[in-house]
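The structure appears right after this line, and notes come after that.
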Amino acid sequence: MTEITPRSEDFSRWYTDVIRRAELADYSPVKGCMVIRPYGYAIWELIQQGLDRRIKATGHVNAYFPLLIPQGLLLKEADHVEGFAPQVAWVTKGGDEVLEEPLLVRPTSEAIIGTMYAKWIQSWRDLPVLINQWANIVRWEKVTRLFLRTTEFLWQEGHTAHETAEEAEAETLTILRLYKEFCETELAMPVLEGRKSESEKFAGADRTYSIEALMGDGRALQAGTSHNLGQNFARAFDIQFQARDKSLQYIWGTSWGVTTRLIGGIIMTHGDDSGLVFPPRVAPYQVVIVPIPRGDWRETVLPHARQIAADLRARDVRVFLDDRDAYTPGWKFAEWEMRGVPLRLEIGPKDIEKGQALLVRRDIREKIAAPREDLPGRIVDLLAAIQQNLFERALRFRADHTTEVSSYEELKQVLEGRPGFVVAPWCGSAECEASIKAETQATIRNLPLEDTAGGTCVRCGRPGIARAYFAKAY
RNA sequence: CGGGGCGUGGCUCAGCCUGGUAGAGCACUCGGUUCGGGACCGAGGGGUCGGAGGUUCAAAUCCUCUCGCCCCGACCA
């Protein structure tokens, strides 16, 4: 069996080892593209459910736009082209016919959706348009990494059109908060919400906001972005409406997305040397039942295990009954721990005698002898407790790995030693940002939403416009 | 795209330097005994050695080119 490199020894190897060993994903014959295997795809489905519910609850609807985009459409927004052109995959032939106008495989859908919005929007009465799409995207990345950066990936992308700048800004922030709440509630992954610097913002946006998580190795992961597009795409794609005052106006746009990268975030936030640790709310299996085979266990033990599984399913608990007899209980314990199942339930002759089952928590490895009566209720409570504990643990980790500094020497020193977020005043200049990046590899992850101006720039000593969160990032 | 490393049964690797009939452990299949922290015995199946070309009587091994993957940088969700 493939050994998993301990997380404490080599984080990168641990990450790829555990993904492949747990069968979340595998490399494919296509360069830069991975296969998301059933156990990994189940997590994505749970992410989709949780997110889709929230997106719809805030008034958005789903639609689907074409994968292929005519070259001419991409060219319409100058910053957008410049930002995405290096990453675009092209279709130049259909069958053996060379296309008059090449098609690009969408790296994002502003261009095609903007084009349609121009047709659909005539009046202020048509606004807002609040559409989301679940789709795949292709970006020709130089270097790929399972879940974190692959040539093709899955995501949701919201694209909205509004009557006023204020509405667009409110939408952008609504989604940012939605993402934060989702990550923290469902994934037990704390995130910092904030605004991106000019140099880090989306190609074609006025302002980009992001949520940033901290991984177990002290590097930051951008977990989601929400862009206020201003009227840039409206002008480029001629998305106009007649306003209440009869004047012709450009709409105010937003776009926002999160991707399958979130799965990488879950892995790197909660995993340990024994493998994966899944937050119950997105765990493909929340409980695995391991019956202890002794004697005629199929007659004596298995029926109890089946009954417990049925009771749990009735409470909407995702449960797997591992009754395979090719493996020993000890093997199954290790296997399901590696696969990150939050709660294991062991049941054998001894337990049946005592009218109990043995529960083992993945997060703290606590063993609990639980009486058979109201076992499902106890398990539901335990799953909630595990979810809570994982979030609090991650929050503590982030607090322990966030350092405020006031001098450049201090900033460099902290970044060399213990990784994590480093908070320091910044003057707002791209020059300081770039030189800090060049000298420390750390980038400004984002700037807090609340006004935090004050102090002097950690790099140049001019007045600070904000306390910036620096980190080495994925 | 620059620097480094690696491609040999499903996985991890040995063999390559010094060319001479492809190996190990794990995994897999079948039978049996087991099973409360990664069981054991017995019998099996499976590899044109990443690909192409070259040198040679003979290439996993030597030479050239090429493709892929991993790690570190620059770019990005």
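Below, the figures for the structure above:
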{"read-out": "Search result, residues across segment A:454-473 that are touching a Lys or Arg at 6+ places or on another chain (Cβ under 9 Å) and either within 16 Å of RNA strand B (Cβ to nearest atom) or open to solvent by 60 Å² or more (accessible area, probe 1.4 Å) (or both)", "value": "A:Thr456, A:Tyr469, A:Phe470, A:Ala471, A:Lys472, A:Ala473"}
{"read-out": "Scan of segment A:303-349 for residues that are free of Cβ contacts under 8 Å to residues at least 12 places away in the same chain and away from RNA strand B (no atom under 11 Å from the Cβ), ordered by number", "value": "A:Pro303, A:Gln307, A:Ala310, A:Arg313, A:Asp316"}
{"read-out": "In segment A:85-106, the residues that are in contact (Cβ under 8 Å) with a residue 40 or more places away in the chain and open to solvent by 30 Å² or more (accessible area, probe 1.4 Å)", "value": "A:Pro86, A:Gln87"}
{"read-out": "Residue, farthest from A:Arg149 (Cα to Cα), within segment A:55-84, restricted to residues that are open to solvent by 30 Å² or more (accessible area, probe 1.4 Å), out of contact with any strand residue (DSSP E or B) (no Cβ under 9 Å at 6 or more places or on another chain) and part of a helix (DSSP H, G or I)", "value": "A:Ala57"}
{"read-out": "Selection from segment A:174-214 of residues that are of a type in the set (Lys, Arg), more than 21 Å from A:Phe233 (Cβ to Cβ) and either open to solvent by less than 10 Å² (accessible area, probe 1.4 Å) or in contact (Cβ under 8 Å) with a residue 24 or more places away in the chain (or both)", "value": "A:Lys180"}
{"read-out": "Single residue of segment A:1-38 satisfying the filter (open to solvent by 20 Å² or more (accessible area, probe 1.4 Å) and in a helix (DSSP H, G or I)) that is farthest from RNA strand B (Cβ to nearest atom)", "value": "A:Pro38"}
{"read-out": "Segment A:405-433, residues that are closer than 19 Å to A:Ser210 by Cβ and part of a helix (DSSP H, G or I)", "value": "A:Ala430, A:Glu433"}
{"read-out": "Test: residue in segment A:257-270 that is over 23 Å from A:Pro342 (Cβ atoms) and open to solvent by less than 40 Å² (accessible area, probe 1.4 Å)", "value": "yes"}
{"read-out": "Count - residues of segment A:428-453 that are free of Cβ contacts under 8 Å to residues at least 60 places away in the same chain and either in the same structural domain as A:Val191 (by TED's automatic domain parsing) or surrounded by 20 or more Cβ atoms within 10 Å (Cβ to Cβ) (or both)", "value": "3"}
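Residue-by-condition table, conditions (1) in a strand (DSSP E or B); (2) of a type outside the set (A, V, I, L, M, F, W, C); (3) touching a helix residue (DSSP H, G or I) at 6+ places or on another chain (Cβ under 8 Å):
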site: A:Arg313; (1), (2), (3): no, yes, no
site: A:Asp316; (1), (2), (3): no, yes, no
site: A:Ala326; (1), (2), (3): no, no, no
site: A:Trp331; (1), (2), (3): no, no, no
site: A:Glu337; (1), (2), (3): no, yes, no
site: A:Arg344; (1), (2), (3): yes, yes, yes
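The values are calculated or read from the model by the stated rules, or taken from the named source; none is laboratory data. The structure displayed is predicted, hence computed values, not measured ones. Using ideal geometry, Cβ is built from the backbone for each residue, glycine included, and neighbour counts are taken over all protein chains shown. Side chains included, ligands, DNA and RNA excluded: accessible areas come from the protein's heavy atoms. Shrake-Rupley method; radii C 1.70, N 1.55, O 1.52, S 1.80 Å.
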